[in-house]
Amino acid sequence: MSTFMPMLYSAWDSDIAYSFRKSRVAVISTLLLLAMFLAAILAPHLAPQNPFDIAELSLFDSELPPAWAEGGNPAYLLGTDTQARDVLSSIMYGMRISLVVGFASVLLAAVLGVTLGLLGGFLGGIVDAVLMRIADVLLSFPPILVALLINGVLRGALPQSAQADSALIVLILSIGLTNWVQYARTVRGSTMVLVIATINLGMAVLTEATLSFLGVGMPPTQPSLGTLIQIGNEFLFSGIWWVVVFPAAALAVLVLAVNLLGDWLRDALNPKLR
């Protein structure tokens, strides 16, 4: 304890901590991320309803508008969908899956990319040339197309009966194997990995949402934010706007907060800007 407090004070007085305190964007983004992380992690305790438990659903409460709209129910703050699932609860539970996919795929991409980057930089020669040419090929295609290709190959290798249960693992592998190139090039060039990891988290969450929206991500029985948007989009023009608007807004805020925090990290850790 005697050494912990001085270390804490020293960290709080560092240049990065000072830059953080002075940046309203960084502070607000961090608070938003913390709130959304806590809401996702504590969803079983904070959510008004478990949207995946059939016993808690009542079809009499389906398609209710938000609580402040005419016909709304105070028990369902953001309304309910066509299956009587509370939209707020669905968002909280959906964020858990989106964040798990995001963090796990970024971790996989970082480990694979750092390992291959160090290997190429250390060995050089033909090993480095082959790795960098593979990286060039992957970078020449949009990441979502590469993720779709890997996702399709992995799904095709699995039996039909196992595809639903393995959807989470397939998504993590698809996105992780798509994003390792940036880490490999960064480590090879000896620049900042933490900034890329932060920005890639937002990209990974958005990629997962895109894959799920296209119907090749999480199944409706285990919806992520992307799946909720995909399901809600089918009923958008029938007047049940809240089923798609609120999950889309949650996704937008989550990705925006991560990207803004990543921008601040890039500036704070760049010695040329100090």
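For residue 185, the solvent-accessible surface computed with a 1.4 Å probe is close to 90 Å², ligands and nucleic acids excluded.
Among the protein heavy atoms of the chain, carbon and sulfur supply 70% of the accessible surface, probe 1.4 Å, non-protein parts ignored. Between the beta carbons of residue 53 and residue 100, assuming R0 = 22 Å, the FRET efficiency works out to 0.65 to the nearest 0.05.
Starting from the Cα of residue 253, move 7 Å in the Cα-to-Cβ direction to define the label point; list residues of region 21-44 whose amide nitrogen is under 20 Å from there. The answer is 24-44, whose backbone nitrogens lie closer than 20 Å to the label point. Please state the shape class of the chain: rounded when a/c is under 1.5, otherwise prolate if a/b exceeds b/c and oblate if not, all from the C-alpha gyration tensor. Oblate.
Taking each residue as 0.36 nm, the span from residue 145 to residue 221 lengthens on full extension beyond its C-alpha to C-alpha distance by 24.8 nm.
Mean sequence separation of contacting Cα pairs (under 8 Å, at least six apart), scaled by the length of region 132-274, corresponds to a relative contact order of 21 percent.
Label-to-label distance for residue 133 and residue 46 is 5.1 nm, based on points extended 7 Å past Cα in the beta-carbon direction.
Our analysis of region 17-90 gives Rg over Rh at 1.18, with the two radii drawn from alpha carbon positions and Rh computed by the Kirkwood formula. Legend: residues 81, 61, sorted from most to least accessible area (1.4 Å probe; ligands, DNA and RNA excluded), read 61, 81.
Using R0 = 22 Å, the C-beta based FRET efficiency linking residue 24 and residue 266 works out to 0.85.
Solvent-accessible area per residue in the chain equals 53 Å², computed with a 1.4 angstrom probe and all protein chains kept.
In whole angstrom, note down how far apart the Cα centers of region 161-220 and region 116-152 are. Cα centres, region 161-220 to region 116-152: 15 Å. Available extension along the chain between residue 237 and residue 118 is 37.7 nm, counting 0.36 nm per residue and deducting the alpha carbon span.
Directionally averaged projected area (region 109-206, Cα convex hull): 6.7 nm². Phi-derived couplings, Karplus 6.51 cos²θ - 1.76 cosθ + 1.60 at θ = phi - 60°, listed residue by residue for region 50-59: 8, x, 9, 9, 4, 5, 8, 9, 9, 4 Hz, with x used for Gly and Pro.
Look at the alpha carbon pairs under 8 Å that are at least 6 residues apart: their mean separation over the length of the chain gives a relative contact order of 22 percent.
The values are calculated or read from the model by the stated rules, or taken from the named source; none is laboratory data. Computed from a prediction, not measured in an experiment: that's the story for all the values here. Quick reminder, even Gly has a Cβ in these numbers, built from the backbone with ideal geometry, and neighbours come from all protein chains shown. SASA here: full protein model, heavy atoms, side chains in, ligands and nucleic acids out. Shrake-Rupley method; radii C 1.70, N 1.55, O 1.52, S 1.80 Å.
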